[in-house]
């Protein structure tokens, strides 16, 4: 295992344009490769490519007009999404940075309700299932994002980021942690979270076989 040389800091807002740019760039890089393959997409037909298989000429090979591909995740959209999370109740954003002050990993989340999650995740009856699994009166935290650059994996950076998010969730009085991930192909998080006590609550039955997982925060042990 490589030595973890990164440091960690919390971000309260993204008013600093340079830091926002670094975060967006890291986000794009993390999800550009396997297993997400969210690097480029066709603005016309919507077909997506990963970094490893994107057409070399930068044009869609699926359309007659062969339009120029665009970023799957536009920097402006990434920044706006993180900013919305920070404006939410109990919003958390923590990043890992290297000695050159480059962002190498990130972790975010915020307090929500089952009904808000059902709307946000576009998954019918999610609220009902969460209410069935967990008692009334509990407070929910959504684990929205976690990612580490490929060249920095294997250094327990994701574990440290996860710990810091859970510390903030606990400090805010949240009881239940909820997340969404894909199982086809399985992400690292899908392989990792069951060992922490997470269970699948509901499935999408889509091409990525995405699932919703949840657990009681107090039961998590790292």
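Please work out if residue 107 is closer than 20 Å to residue 211 by Cβ, assigned by TED's automatic domain parsing to the domain that holds residue 149 and either free of Cβ contacts under 8 Å to residues at least 60 places away in the same chain or within 17 Å of the chain's Cα centre (by Cα) (or both).
Yes.
Pairs linking a residue in region 198-222 that is in the same structural domain as residue 119 (by TED's automatic domain parsing) and exposed (fewer than 12 other Cβ atoms within 10 Å of the Cβ) to a residue that is at pLDDT 95 or above and assigned to a strand (DSSP E or B), with Cβ atoms under 8 Å and 6 or more positions apart or on different chains, do not occur. Residue 83 satisfies every condition listed in (1) out of contact with any helix residue (DSSP H, G or I) (no Cβ under 7 Å at 6 or more places or on another chain); (2) under 30 Å from residue 113 (Cα atoms); (3) surrounded by fewer than 14 Cβ atoms within 10 Å (Cβ to Cβ) except (3). Looking across region 100-131, the residues that are under 18 Å from residue 20 (Cα atoms) and surrounded by fewer than 19 Cβ atoms within 10 Å (Cβ to Cβ) come down to 100, 101, 102.
For region 21-37, the candidate set comprises residues that are in a helix (DSSP H, G or I) and without any contact (Cβ under 8 Å) to a residue 60 or more places away in the chain; within that set, the residue that is surrounded by the most Cβ atoms within 10 Å (Cβ to Cβ) is 24. Filter region 49-80 for residues that are in contact with a helix residue (DSSP H, G or I) (Cβ under 7 Å, 6 or more places away or on another chain) and either in a loop (DSSP other than H, G, I, E, B) or modelled with pLDDT under 95 (or both); which is farthest from residue 33 (Cα to Cα)? Restricting to residues being in contact with a helix residue (DSSP H, G or I) (Cβ under 7 Å, 6 or more places away or on another chain) and either in a loop (DSSP other than H, G, I, E, B) or modelled with pLDDT under 95 (or both), the top hit is 73. Checking each residue in region 84-132 for being under 22 Å from residue 170 (Cβ atoms) and part of a loop (DSSP other than H, G, I, E, B) picks out 88, 89, 90, 91, 113.
The values are calculated or read from the model by the stated rules, or taken from the named source; none is laboratory data. The structure displayed is predicted, hence computed values, not measured ones. For neighbour counting, all protein chains shown are included, and Cβ atoms are generated from backbone atoms with ideal geometry for every residue, glycine included.
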